[in-house]
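I have placed the structure first, in the form of structure tokens, so that the comments after it can refer back to it.
The values are calculated or read from the model by the stated rules, or taken from the named source; none is laboratory data. Since the structure is predicted, the reported quantities are computational estimates derived from the model, not experimental observations. No Cβ is skipped: glycine too gets one built from the backbone with ideal geometry, and neighbour counts run over all protein chains shown. Ligands, DNA and RNA are excluded from the accessible area calculation, which covers all protein heavy atoms including side chains. Shrake-Rupley method; radii C 1.70, N 1.55, O 1.52, S 1.80 Å.
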Amino acid sequence: MIALYYYPGNASLLPHMILREANASFEMRFVDQPNRAQKSPEYLKLNPNGRIPVLVDGDLVLYETAAIALHLCDKFPEAGLAPAPGTPERAEFYKWMIHLTNTPQAEYRAWFYPHEHTTDEAAVESVKRKAGERLTGMFDVISNQLEDRTWLLGERFSVADLFLLMLIRWGRAMPRPPRELPNLQRLADRVLARPAVQEAFEVEGLKAPFI
Ligand SMILES: N[C@@H](CCC(=O)N[C@@H](CS)C(=O)NCC(=O)O)C(=O)O
């Protein structure tokens, strides 16, 4: 039995899209994030960090979005969502997954939760603005690398593209949203055209504009 603890549009969207891409059988468990259900004693038993998502796979209880994504790639190899282990393409795939999780995804914490990054209430807006600027620079670098590529790995679609779509989406309200970079808009359009992705968005109730 696989269960995904989620809140619409949160980081749980990545494993959700992967599960649908893999045609997996799973159930979704809503976490009432606005009411801080992720800090409840029951949820903290699953993820002591009190963050979404968590994936339960039989006896395995896994947190950290990128770890869940990699686990699902390994669990459903027939879905072909990542290159074969031990190949140079797999190494590139790891590079993108680690980069996306520990650079833009981590930076988004300061954008969405600026009050956690300062003890000075008056500085909250400036923390947020600076996070937005850093994210803008990160998306510029990613966009440049997409210049002659269909997907992050070149001609091969992978879970890294799903990850990037989620991160592009999160920047909808930034002063310069990632979608304004043509390479990112193009990649997002390709990912959004996938039936599994459309299904995940629909089930989570995510409405246009998607990015
Ligand atoms: N490094 C964690 C970060 C997860 C994370 O920040 N999740 C957000 C939702 S996107 C969350 O739980 N926010 C609510 C909170 O921090 O209380 C991961 O990748 O799983």
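Backbone N atoms of segment 163-178 closer than 19 Å to the 7 Å Cα→Cβ label point of Val203 belong to residues 163-167.
Under Stokes-Einstein, with the Kirkwood radius over Cα pairs as Rh, the value for the chain at 4 °C and 1.567 mPa s is 73 µm²/s. Looking at segment 2-79, the DSSP beta bridges with both ends there are about 65 percent antiparallel.
Rolling a 1.4 Å probe across the protein heavy atoms gives segment 141-211 an accessible surface of 45 Å² per residue. About its Cα centre, the chain has a charge dipole of approximately 340 debye under the convention of +1 per Lys or Arg Cβ and -1 per Asp or Glu Cβ, with nothing else charged. Projecting the Cα atoms of Ala160, Phe210, Phe30 onto the charge dipole of the chain, computed from C-beta unit charges around the Cα centre, puts Phe210 farthest toward the positive end.
Of the whole protein surface, Ser143 contributes about 10 Å² of accessible area at a 1.4 Å probe radius. The peptide list 41-50, 180-189, put in order of mean Cβ contacts within 10 Å with the highest first, becomes 180-189, 41-50.
Tell me, what % of the accessible area of segment 111-211 is carbon and sulfur with a 1.4 angstrom probe? Can you show the working numbers first?
On the way: 2630 of 5120 Å².
Reported share for carbon and sulfur atoms: 51 percent.
Extension gain for the segment Ile98 to Asp59, taken as residue separation times 0.36 nm less the Cα-Cα distance, is 11.5 nm to one decimal. Of the listed residues Thr119, Thr65, the order by accessible area with a 1.4 Å probe, largest first, is Thr119, Thr65. The distance from the alpha carbon centre of segment 162-211 to that of segment 1-48 is 19 Å, rounded to a whole number. Pairs of Lys residues in the chain are counted when their Cα atoms are under 26 angstrom apart and they lie 8 or more places apart or on different chains; the count is 5.
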